[in-house]
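Undergrad: Got a structure here, written out as structure tokens. Questions coming.
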Amino acid sequence: MQFGLSESQQILKDTARKFFAGESPVAAVRKAMETETAYDAALWAKLAEQGFTGIITPEEFGGMGLGKVELILLMEEAGYALLPGPFFSTVALAGAVIDACASAEQKKKYLARIAGGQARSTVALVEAAGSWDPGSLKISTADNKLTGTKLFVTDAAVADFIIVVARDGIFAVDAKAAGLHIEPMKGMDLARKIYSVEFKNTPAEKLANTSGLASALDVATAALCAEMVGGMQRALELTVAYAKTRKQFGKPIGIFQAVQHLCADMYLETESSRSATYYAAWALEENTADATAAISVAKMYSSDASRTVGNRGIQVHGGMGFTWENDLHLYYRRAKASETMLGDATFHRERIARLVVDGAAAGDKKSQNAERAAALVK
Amino acid sequence: MDLNLSPEEIKFRDELRTWLAANAPKDWDERREESMESRFEYLKRWQRKLYEGGWAGISWPKEYGGRGASLMEQVVFWQEMALASAPPLANVLGLGIIGPTIIAFGTEAQKKRYLAKILSAEEIWCQGFSEPDAGSDLANVRCEAKLEGDHYIVNGQKVWNSYGWAADWCELVVRTDPDVPKHKGMTVLLVDMKSPGVEVRPLRQMTGETEFNELFFHDLRVPVANVVGKVNEGWGVAMGTLMHERGTFGAGLQITYRRNMERLIDLARSTQRNGRPIAEDPVMRQKLAQCYAEIEIMRCNQMRAFSRISATGVPGPEGSIQKIFWSELNQRFQQIAQELLGPYGQLEAGDPHAVDNGMWAYGYLRTRGNTIEAGTSEIQRNIIGHFVLGLPKSY
Ligand SMILES: Cc1cc2nc3c(=O)[nH]c(=O)nc-3n(C[C@H](O)[C@H](O)[C@H](O)COP(=O)(O)OP(=O)(O)OC[C@H]3O[C@@H](n4cnc5c(N)ncnc54)[C@H](O)[C@@H]3O)c2cc1C
């Protein structure tokens with residue numbers, strides 16, 4: 001048992017850190033976020049060249065075939081760099097859903113293009129109700145045609161095909177399909193744009209029913225948590241650096257305990273989010289009995305932590321922290337968008353309650369213990 | 001990263017699990033009404049049994065009575081203990097912080113003399129660090145030790161010493177040189193609590209119990225052979241103890257936390273509020289889920305920390321987050337238990353209406369101490385600021 005990165009995992013993480021620092025420094029992020037889609041084709045080509053677009057895609061479909069832990073390490077570094085554009089939507093969201101749900105034929109058609117960097121994609125799930133619970137969905141197909149509107153769809157404008165979760169299954173819709181209308185929504189995260197996606201009798205190809213969806217969304221959630229961890233790490237580092245250099249009363253502000261303790265709490269929350277996220281990714285990879293609970297634990301905690309880390313970071317920066325010029329708000333904006341994406345803390349606490357209050361733990365200690373024991377055996 | 005157990009770890013776990021199933025007492029929860037002393041005797045007997053089964057001191061060297069296994073097996077040990085709902089161990093300070101200090105800094109003779117008896121709970125240990133004027137500022141200790149031949153003569157006072165009433169031995173921090181800067185004139189002594197010149201006074205705490213004590217020393221004679229590490233270099237030794245106290249001590253707490261969590265969920269299901277079980281109340285569901293999640297995160301943080309320590313050999317200053325996490329989590333947990341129990345939460349042991357014989361009232365009050373003992377939350381945050389994040393020292 002070893003809860004630390006292996007050598008190859010550490011190399012992957014270091015490589016990704018270097019790559020993003022070189023190819024997507026914050027100046028480039030700012031440039032991208034001023035564009036309509038935050039998508040940069042040249043950057044995408046380089047991401048593909050590195051193999052990052054196929055990180056978890058099985059080798060038979062042209063990917064690297066790596067595991068969930070590797071995926072989250074890459075996503076953590078993407079989050080640290082505030083990577084703009086559709087990487088998360090394509091690889092961690094659409095990629096995971098196709099991988100979990102589609103047929104081999106369809107994977108060749110869709111997943112292989114994602115892995116090879118030829119296509120971008122996203123998942124359209126949430127409707128007017130604003131819920132990530134697939135049970136809340138209203139839209140379904142008739143004669144393999146979709147009608148209705150999906151909201152909060154990340155990166156839809158640059159997707160070559162959109163994976164749509166409907167009541168009666170999971171579908172792929174070509175970006176050029178008839179009756180498809182994509183309209184930007186003015187979301188807070190400037191580096192990952194969101195859209196409303198309207199379908200009017202739009203032809204859709206069925207990939208599967210929704211039974212495999214939950215586990216695919218768990219993968220995406222782990223990736224999102226990791227991205228949040230990376231963002232927290234960056235906010236922490238920016239803040240500590242500022243506390244060491246900014247002087248008031250003739251001293252660096254970092255000497256004042258009120259400031260130190262804000263930084264210490266940022267550290268605690270960042271590290272705890274990281275522990276929870278790494279554990280969740282490992283649990284998913286190994287398919288342990290507590291994997292679903294572990295995902296919710298990670299998302300619940302990271303959702304709250306990424307907001308409070310941002311709060312504290314801005315506070316330590318004083319007036320400078322409130323300016324557009326300072327980078328913190330870029331992370332803060334993404335943190336808020338990510339907080340609700342794939343379910344906020346309240347959503348995930350309810351999921352945990354179903355598992356541990358209604359389920360095994362309650363009154364039936366043995367079965368929860370058995371579950372945990374099974375988790376440990378794995 | 002691989003949390004799968006290795007074949008050896010699996011063998012270890014299976015053996016331990018089998019042993020616990022056959023040997024872990026099931027009646028600990030029923031002993032809430034007994035006196036502190038009789039409960040302690042019970043835990044001592046339990047620890048003795050573990051020791052005789054070869055399950056105490058998992059990662060301690062074999063030649064001193066331990067099992068010679070890895071730190072990660074120690075983690076498996078705590079997890080299995082929690083799974084089996086086994087009672088905690090008696091000699092917590094000996095096992096968690098003083099034994100590891102003797103292993104790191106002690107002489108061969110000291111290791112032979114003390115370690116096995118810590119594991120068997122034959123000798124209970126307490127920690128004599130704090131004084132009335134040396135709490136957070138530990139380097140301010142005044143309790144003095146003067147060399148006379150081959151003995152130190154100790155005079156002075158310690159305070160807030162947990163298990164002082166039960167202890168056979170004490171890890172005592174004393175001042176051996178008052179003329180040098182504070183950190184440079186301290187020494188750590190191993191003190192026989194039964195020797196003449198040791199006075200243990202009960203100190204009642206806000207819970208009403210006297211779990212901690214004041215210690216007074218009047219011309220106490222301590223053999224020179226009982227110095228741990230070098231004379232006047234006690235600061236480093238004491239820091240070694242504190243690093244364990246912050247970084248690794250919390251690992252055993254998951255036993256208690258999981259047990260409390262399970263009990264609280266049972267109560268939520270069996271207690272009616274507004275015509276339905278509390279477990280169906282959406283607000284309380286949120287709070288219970290939050291507790292569950294935090295206990296899980298504590299466990300993950302600790303597993304990660306132990307992996308780091310097995311790579312580096314010693315716990316570092318980042319261990320302070322473990323201390324903050326377990327103490328503040330426990331306070332939040334007990335508050336949620338109070339909300340769940342409503343007016344019953346305040347009832348103390350002995351009241352016929354009290355839930356679980358007042359365990360929740362006690363727990364609520366006791367957790368106030370959690371953010372003070374083992375270094376206050378403020379001191380832990382200072383440590384993170386100064387030594388992990390590299391911010392300028394505030395004092
Ligand atoms: C239940 C319990 C069990 C204990 N068991 C033991 C034991 O077994 N052995 C032992 O030796 N001691 C023990 N202690 C003592 C404990 O270690 C001290 O109480 C603790 O270190 C704080 O010291 P103090 O009480 O003198 O508080 P002080 O140091 O006076 O602190 C008072 C307040 O000031 C704050 N403060 C102090 N200095 C700073 C600073 N530099 N920066 C910011 N804030 C600061 C503190 O955080 C605290 O809020 C125990 C205490 C408790 C409550």
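The values are calculated or read from the model by the stated rules, or taken from the named source; none is laboratory data. Note that the coordinates shown come from a computational prediction; the quantities given were computed from them, not determined experimentally. Using ideal geometry, Cβ is built from the backbone for each residue, glycine included, and neighbour counts are taken over all protein chains shown. Side chains are part of the model used for accessible areas, which takes the heavy atoms of the whole protein and leaves out ligands, DNA and RNA. Shrake-Rupley method; radii C 1.70, N 1.55, O 1.52, S 1.80 Å.
Undergrad: When you go through (1) within 16 Å of the ligand (Cβ to nearest atom); (2) open to solvent by 60 Å² or more (accessible area, probe 1.4 Å); (3) part of a strand (DSSP E or B) one by one for B:H183, which number turns out not to apply?
TA: The number of the failed condition is (3).
Undergrad: If a residue has to be more than 12 Å from every other protein chain (Cβ to nearest Cβ) and open to solvent by less than 50 Å² (accessible area, probe 1.4 Å) to count, how many in region B:1-26 make the cut?
TA: 4
Undergrad: Let me ask something else. Condition first: more than 9 Å from the ligand (Cβ to nearest atom) and either touching a Leu at 6+ places or on another chain (Cβ under 7 Å) or closer than 29 Å to B:G128 by Cβ (or both). Now tell me which residues in region B:342-379 satisfy that. Quick ask: steps written out before the conclusion?
TA: If we filter region B:342-379 for residues that are more than 9 Å from the ligand (Cβ to nearest atom), which is where we start, we get B:342-365, B:367.
Within region B:342-379, B:H353, B:A354, B:V355, B:G358, B:W360, B:A361, B:Y362, B:G363, B:Y364, B:L365, B:T367 qualify.
Undergrad: Further question on the same structure: Working carefully through the options A:A172, A:A216, A:A191, find the one that is part of a strand (DSSP E or B) and open to solvent by less than 10 Å² (accessible area, probe 1.4 Å).
TA: The unique qualifying residue is A:A172.
Undergrad: A further question follows. Restricting to region B:186-217, name every residue that is assigned to a loop (DSSP other than H, G, I, E, B) and under 19 Å from B:I102 (Cα atoms).
TA: Across region B:186-217, the qualifying residue is only B:M193.
Undergrad: Just give me the residues in region B:278-289 being touching a residue at least 24 places away in the same chain (Cβ under 8 Å) and either open to solvent by 40 Å² or more (accessible area, probe 1.4 Å) or more than 7 Å from chain A (Cβ to nearest Cβ) (or both), in sequence order.
TA: Those that are touching a residue at least 24 places away in the same chain (Cβ under 8 Å) and either open to solvent by 40 Å² or more (accessible area, probe 1.4 Å) or more than 7 Å from chain A (Cβ to nearest Cβ) (or both): B:I278, B:M284, B:K287.
Undergrad: Being part of a helix (DSSP H, G or I) and open to solvent by 20 Å² or more (accessible area, probe 1.4 Å) is the filter here; which residues of region B:65-82 pass it?
TA: Initial filter on region B:65-82 (part of a helix (DSSP H, G or I)): B:71-82.
The answer is B:L71, B:E73, B:Q74, B:W78.
Undergrad: Count, please, the residues in region B:46-62 that happen to be free of Cβ contacts under 8 Å to residues at least 24 places away in the same chain and either open to solvent by 60 Å² or more (accessible area, probe 1.4 Å) or in a helix (DSSP H, G or I) (or both).
TA: 1
Undergrad: For a quick check of your reading: which helices (runs of 4 or more DSSP H) sit entirely within region B:315-395 and have at least 3 residues that are closer than 21 Å to B:F129 by Cα?
TA: The helices (runs of 4 or more DSSP H) meeting that bar are B:320-341, B:377-383.
Undergrad: Considering each residue of region A:326-359, count those that are open to solvent by 40 Å² or more (accessible area, probe 1.4 Å) and either over 23 Å from A:G79 (Cβ atoms) or small (G, A, S) (or both), and give that number.
TA: Residues in region A:326-359 being open to solvent by 40 Å² or more (accessible area, probe 1.4 Å) and either over 23 Å from A:G79 (Cβ atoms) or small (G, A, S) (or both): 4 in total.
Undergrad: So which residues in region A:224-255 are surrounded by fewer than 19 Cβ atoms within 10 Å (Cβ to Cβ) and facing another protein chain (nearest Cβ under 9 Å)?
TA: Selection gives A:K244, A:K251, A:P252.
Undergrad: Starting from residues that are open to solvent by less than 10 Å² (accessible area, probe 1.4 Å) and in contact (Cβ under 8 Å) with a residue 60 or more places away in the chain, keep the ones in region A:48-68 and report whichever is farthest from A:A335 (Cα to Cα).
TA: Applying the filter and picking the extreme gives A:G54.
Undergrad: Can you tell me which residue in region B:150-176 is most open to solvent (accessible area, probe 1.4 Å), limited to those that are away from the ligand (no atom under 11 Å from the Cβ) and in a loop (DSSP other than H, G, I, E, B)?
TA: Per the criteria, the residue is B:D150.
Undergrad: What about A:T308, is it within 11 Å of another protein chain (Cβ to nearest Cβ) and either touching a residue at least 12 places away in the same chain (Cβ under 8 Å) or within 30 Å of B:S307 (Cα to Cα) (or both)?
TA: Values: within 11 Å of another protein chain (Cβ to nearest Cβ): no; either touching a residue at least 12 places away in the same chain (Cβ under 8 Å) or within 30 Å of B:S307 (Cα to Cα) (or both): yes.
Here the answer is no, as A:T308 does not meet what is asked.
Undergrad: Condition check: open to solvent by 20 Å² or more (accessible area, probe 1.4 Å), modelled with pLDDT of 95 or more and within 14 Å of chain A (Cβ to nearest Cβ). Does B:P343 satisfy that?
TA: The answer is no for B:P343.
Undergrad: Same structure again: Which one is nearest to the ligand (Cβ to nearest atom), of the residues in region B:380-395 that are crowded, with 19+ Cβ neighbours inside 10 Å and among the hydrophobic types (A, V, I, L, M, F, W, C)?
TA: Only one residue tops the list, namely B:I383.
Undergrad: Then there's this: Considering only residues that are aliphatic (A, V, I, L, M) and facing chain B (nearest Cβ under 9 Å), look in region A:286-305 and name the one that is surrounded by the most Cβ atoms within 10 Å (Cβ to Cβ).
TA: Step one: of region A:286-305, the residues aliphatic (A, V, I, L, M) are A:289, A:291, A:293-295, A:297-298, A:300, A:305.
The next check asks that each one be facing chain B (nearest Cβ under 9 Å); those that pass are A:293-294, A:297-298, A:300.
Details: A:A293: 27, A:A294: 26, A:V297: 30, A:A298: 35, A:M300: 29.
Applying the filter and picking the extreme gives A:A298.
Undergrad: Here are B:E245, B:E262: which of them is modelled with pLDDT under 95, more than 13 Å from chain A (Cβ to nearest Cβ) and open to solvent by less than 20 Å² (accessible area, probe 1.4 Å)?
TA: That would be B:E245, the only listed residue that is modelled with pLDDT under 95, more than 13 Å from chain A (Cβ to nearest Cβ) and open to solvent by less than 20 Å² (accessible area, probe 1.4 Å).
Undergrad: Do we have A:A129 as at negative phi, open to solvent by 50 Å² or more (accessible area, probe 1.4 Å) and small (G, A, S) here?
TA: Yes, satisfied.
Undergrad: Within region B:126-140, does at least one residue satisfy the condition of being among the charged types (D, E, K, R), more than 16 Å from the ligand (Cβ to nearest atom) and open to solvent by 10 Å² or more (accessible area, probe 1.4 Å)?
TA: no
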